[in-house]
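A.B. asks: Let me begin by handing over the structure; questions about it come next.
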Ligand code: GTP
């Protein structure tokens, strides 16, 4: 396939604050590992030849961890924007010098699908831009795309009102671009590719196509969506290698270094990362992911929750529909429902 990719990874991630106040959203862990690492590894497997990360918010958190990409199997470069450029401006800035067909990803969307099929579709249609689509039951809050039978885009409706559109297909934040499309992105100011550039291409009669991606897709950008991604993984709807390869006892995946007190109860499905600890009398599950080195105190109850590395739940605390940041702690006896708990200041941005 031999294409390069631009990864948009510079947004502020405000909807996941305080978790992403000092951490770029693409770095949020998915089953204990930064999503961006998983994405880059997948791109390498699918023979993408280079990734250019478009950064702005907390760029060091990405550059320090990912480096030149060698350990993940593909060369990674960085472009740090001098001012907020929006999604369109960031694509133009990062794609300078690519000079051939390239892929673009919103790096904060979890997905796995066949990239070659998308690029083949784009080339067969001689499109200037091709937009990857996913079908959603509830399209409100997303950008709906309407197409003709050949896949040519007819109309965009950003964040429609209920009943305003019939199409279930929304922009998945995955595109194929020809370099000539960059001329439709004005330089030196903030430009939204979704709201400004794509409609401008349509208005100019350019060939913009869209095709449905065949595979897993889910946004990571809110507490509910982040938790849903983990429920999908534990339910087998997104077959990550860890869940497939590690032996599970009745949908309890337990790293050999994790410790569970004999008087604790695990309610499947549950994933216990390396060095995680569950103390006596605690009830953990269903739908719980314990990141590396996290700890559930004696008698605590935890369900529908994701704990990042080193997070702690104190004795007797109750946690539900919540996410604990890296090194975060919930004091003993406290009840946390639908919470995003800030990482400990010592670990923020790591
Ligand atoms: P919220 O503040 O919660 O809306 O998140 P966000 O700022 O990340 O915005 P959104 O989810 O709409 O962004 C979509 C994708 O574009 C994400 O992958 C962002 O990282 C990225 N993005 C948004 N704005 C910029 C920008 O100005 N520069 C770059 N490089 N990336 C951006």
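A.B. asks: With the structure loaded, tell me whether residue 144 is within 16 Å of the ligand (Cβ to nearest atom), in contact with a strand residue (DSSP E or B) (Cβ under 7 Å, 6 or more places away or on another chain) and part of a strand (DSSP E or B) or whether it fails that test.
C.D. replies: yes
A.B. asks: Return the residue satisfying two criteria in turn: it lies in region 303-339 and is touching a residue at least 40 places away in the same chain (Cβ under 8 Å), outside any loop (DSSP other than H, G, I, E, B) and under 16 Å from residue 276 (Cβ atoms), and of such residues it is farthest from the chain's Cα centre (by Cα).
C.D. replies: Step by step, filter region 303-339, then rank; the result is 305.
A.B. asks: Tell me yes or no: at least one residue of region 100-109 is modelled with pLDDT under 95, surrounded by fewer than 18 Cβ atoms within 10 Å (Cβ to Cβ) and in the same structural domain as residue 176 (by TED's automatic domain parsing).
C.D. replies: Checked against the condition, which is being modelled with pLDDT under 95, surrounded by fewer than 18 Cβ atoms within 10 Å (Cβ to Cβ) and in the same structural domain as residue 176 (by TED's automatic domain parsing), region 100-109 yields no hits at all.
A.B. asks: On to the next question. Within region 252-271, is there a residue that is over 22 Å from residue 30 (Cβ atoms), buried (at least 19 other Cβ atoms within 10 Å of the Cβ) and touching a strand residue (DSSP E or B) at 6+ places or on another chain (Cβ under 7 Å)?
C.D. replies: yes
A.B. asks: Let me ask you something else. Does residue 60 satisfy being surrounded by fewer than 18 Cβ atoms within 10 Å (Cβ to Cβ), in the same structural domain as residue 122 (by TED's automatic domain parsing) and more than 25 Å from residue 213 (Cα to Cα)?
C.D. replies: yes
A.B. asks: Among the residues of region 235-254, count how many are over 17 Å from residue 34 (Cα atoms) and either assigned by TED's automatic domain parsing to the domain that holds residue 30 or touching a helix residue (DSSP H, G or I) at 6+ places or on another chain (Cβ under 9 Å) (or both).
C.D. replies: 4
A.B. asks: While we're on this one: Could you run through region 221-247 and say how many residues are within 10 Å of residue 31 (Cβ to Cβ), away from the ligand (no atom under 16 Å from the Cβ) and touching a residue at least 12 places away in the same chain (Cβ under 8 Å)?
C.D. replies: 7
The values are calculated or read from the model by the stated rules, or taken from the named source; none is laboratory data. If you're wondering where the values come from, they're calculated on a predicted model, not measured in any experiment. Backbone-built Cβ (ideal geometry, glycine too); neighbour counts: all protein chains shown.
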